[in-house]
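Below: the structure, in structure tokens.
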């Protein structure tokens, strides 16, 4: 691989990764019914609307799940994998294998989003407790539906919430399973965002 291909690969992967994360944030924000009027939610909606709105005419939501955003995330992952393979001079595999790789990548990226969102919430609870910043409120709205069942299992003790430990253990288990599934279908970790 020459320097130009490596630079192009880096730029393609970076741009697609940023947009893919934005698309998945839109999916998560709608899934958890986050505050639509939050300025960060508004930004995410405006950035993703050009692709989501036309597709939503063909693929409506289902029970609060934004299928158009989810499908677009998978398609963005496919586009990223194909672009990286072609830049490296490798012909893409069949459509089914590309879809499997892309779904694994999107699930891995969703798990990573939750990992970093929980980590941010923990740190912010120490340094910015009680803050009303829109980003903190949005992080809370994203993470709370995941945290609530674990708080029932391990309630706060002495003012300390240890339930994130259980969530991090679950996240690590899911990441290990995803890595093994990816290896099982011949996916190289450098090809997808999230694994």
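Rundown of residues vs (1) at pLDDT 90 or above; (2) more than 20 Å from residue 43 (Cβ to Cβ); (3) touching a strand residue (DSSP E or B) at 6+ places or on another chain (Cβ under 6 Å); (4) surrounded by 11 or more Cβ atoms within 10 Å (Cβ to Cβ), yes/no style:
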residue: 124; (1), (2), (3), (4): no, no, no, yes
residue: 128; (1), (2), (3), (4): no, yes, no, yes
residue: 151; (1), (2), (3), (4): no, yes, no, yes
residue: 160; (1), (2), (3), (4): no, yes, no, no
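When you look at residue 60, is it farther than 30 Å from residue 183 by Cβ, more than 18 Å from the chain's Cα centre (by Cα) and not in a helix (DSSP H, G or I), yes or no? Walk me through it before giving the result.
Numbers: farther than 30 Å from residue 183 by Cβ: yes; more than 18 Å from the chain's Cα centre (by Cα): yes; not in a helix (DSSP H, G or I): yes.
The answer is yes for residue 60.
In region 162-195, which residue that is crowded, with 16+ Cβ neighbours inside 10 Å and in a loop (DSSP other than H, G, I, E, B) is modelled with the highest pLDDT?
In this case the residue turns out to be 187.
Considering each of 98, 70, 84 in turn, give the residue that is within 13 Å of residue 24 (Cβ to Cβ) and either crowded, with 16+ Cβ neighbours inside 10 Å or modelled with pLDDT of 95 or more (or both).
On the way: 98 fails: within 13 Å of residue 24 (Cβ to Cβ); 84 fails: within 13 Å of residue 24 (Cβ to Cβ).
The unique qualifying residue is 70.
Scan 12, 18 and give me the residue that is more than 16 Å from the chain's Cα centre (by Cα), surrounded by fewer than 19 Cβ atoms within 10 Å (Cβ to Cβ) and assigned to a helix (DSSP H, G or I). Before the answer, list the steps.
Numbers: 18 fails: more than 16 Å from the chain's Cα centre (by Cα).
Testing whether each residue is more than 16 Å from the chain's Cα centre (by Cα), surrounded by fewer than 19 Cβ atoms within 10 Å (Cβ to Cβ) and assigned to a helix (DSSP H, G or I) leaves just 12.
Does at least one position in region 145-158 carry a residue that is under 26 Å from residue 51 (Cβ atoms) and touching a residue at least 24 places away in the same chain (Cβ under 8 Å)? Before you say what the answer is, go through the steps one by one.
Initially, region 145-158 is screened for residues under 26 Å from residue 51 (Cβ atoms), giving 145.
Next, only the ones that are touching a residue at least 24 places away in the same chain (Cβ under 8 Å) stay: 145.
Within region 145-158, one or more residues are under 26 Å from residue 51 (Cβ atoms) and touching a residue at least 24 places away in the same chain (Cβ under 8 Å).
Quick check on residue 139: is it assigned to a helix (DSSP H, G or I), within 17 Å of the chain's Cα centre (by Cα), over 30 Å from residue 83 (Cβ atoms) and without any contact (Cβ under 8 Å) to a residue 40 or more places away in the chain? Even if it seems obvious, please write down each step before you answer.
Numbers: assigned to a helix (DSSP H, G or I): yes; within 17 Å of the chain's Cα centre (by Cα): yes; over 30 Å from residue 83 (Cβ atoms): yes; without any contact (Cβ under 8 Å) to a residue 40 or more places away in the chain: yes.
Here the answer is yes, as residue 139 does meet what is asked.
The values are calculated or read from the model by the stated rules, or taken from the named source; none is laboratory data. Nothing here was measured: the structure is a model prediction, and the numbers come from that model. Glycine gets a Cβ as well: all are built from the backbone with ideal geometry, and neighbour counts include every protein chain shown.
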